[in-house]
Amino acid sequence: MGKTADAVAEGVSIASAAARLAVRNHILVETIANDAAFDAETFAPYAQEVLNGLATEQEAAADLVRRQRKSAWGKYSDSYGTHDYRDRDMSNLRKRQRQYSGVAKALRLRADDPDAVRELVEEGRAAAWGDVEANLQRRLGVEAMRPEVDPDYETMRSARMQALRLVDLPRLSAHRRKLSEAEARLRAAELAADLGAALEAD
C-alpha cells in the first residue's frame, strides 16, 4: 500500500503541475491578450474545470487498465508485445488501476475544495507574473545594455562598424544630397520670383 500511496502522491503532483501550467496560460491570455483585470474568483471555475478534466483522464486510464485485466485473465501463453498482457500481469495491472483511480479521486477532491482551487489560482497567478517579470528583465537587459557589461560587445563591434560604413553612412549621404538639391531648387524659385517681381515693378 505504501508504494501505491507514493505513486498516487507522485501522480497528483504531476497533475497539479499540469493544472498550474494551464491556469497560468489562461491567466496570461485573459489579462494580457484580452486586457482583463485579474480576479481570483473569475479564474476559479476554470481551475476547477482543469482539475476535473485531469481527473477524467485518470479515470479513463483506470478503466482501460480494468479492461486489460479482464482480457488478460486466464491467458498463460507468451505475449506478442508490450501491451499484450497475460495472467501473470494481473497484479501489476491491479496496482496500476488503483493508482489511476487514486489520482482521479484526489483531483476530484481538490476540484470540490474552494481553498485548494483558490491556492491553484494563486499559484497560476504567481507563475504568470514570474513569466512577465522575466520577459521584462530580459527586455530591459537588452535595451539598457552598456558596452562594458555586454559580453558580445567586442565580437559584434566590427560588424556594427561595417554596417555603419556600408549602409548607414551612404544612406545619410544620399539623404543630405536630396535635401541640398531641394534647397537649391527652392532658392532658385525664390530668386526667380524676386526677379519677376522686380521686372514688373520696372
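The values are calculated or read from the model by the stated rules, or taken from the named source; none is laboratory data. Here the structure is a predicted model, which means the values were calculated and not measured. Cβ: placed from backbone, ideal geometry, glycine included. Neighbour counts: every protein chain shown. Calculation scope for accessible area: heavy atoms of the full protein, side chains included, ligands and nucleic acids excluded. Shrake-Rupley method; radii C 1.70, N 1.55, O 1.52, S 1.80 Å.
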Express in nm, to one decimal, how much length is gained between ALA174 and ARG66 on full extension, taking 0.36 nm for each residue of separation and deducting their alpha carbon distance. 31.0 nm
Using 15 Å as the cut-off for backbone N distance, which residues of segment 16-38 belong to the label zone defined by a point 7 Å from the Cα of VAL132 along Cα→Cβ? 24-38
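Accessible area per residue, 1.4 Å probe, Å², for segment 1-74: what's the number? It would help to have the intermediate numbers written out before the result.
Working: 4440 Å² over 74 residues.
Spelled out: the 1.4 Å probe surface of segment 1-74, per residue, equals 60 Å².
Hey, any idea what % of segment 1-141's accessible area is carbon plus sulfur with a 1.4 Å probe?
Numbers: 4770 of 9010 Å².
That fraction is 53 percent.
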For segment 1-120, build the convex hull from the C-alpha positions and give me its volume per residue in Å³. 109 Å³
Just to check I understand the Karplus step: with θ = phi - 60° and J = 6.51 cos²θ - 1.76 cosθ + 1.60, what whole-Hz values come out for segment 112-117, glycine and proline as x? 8, 9, x, 5, 5, 5
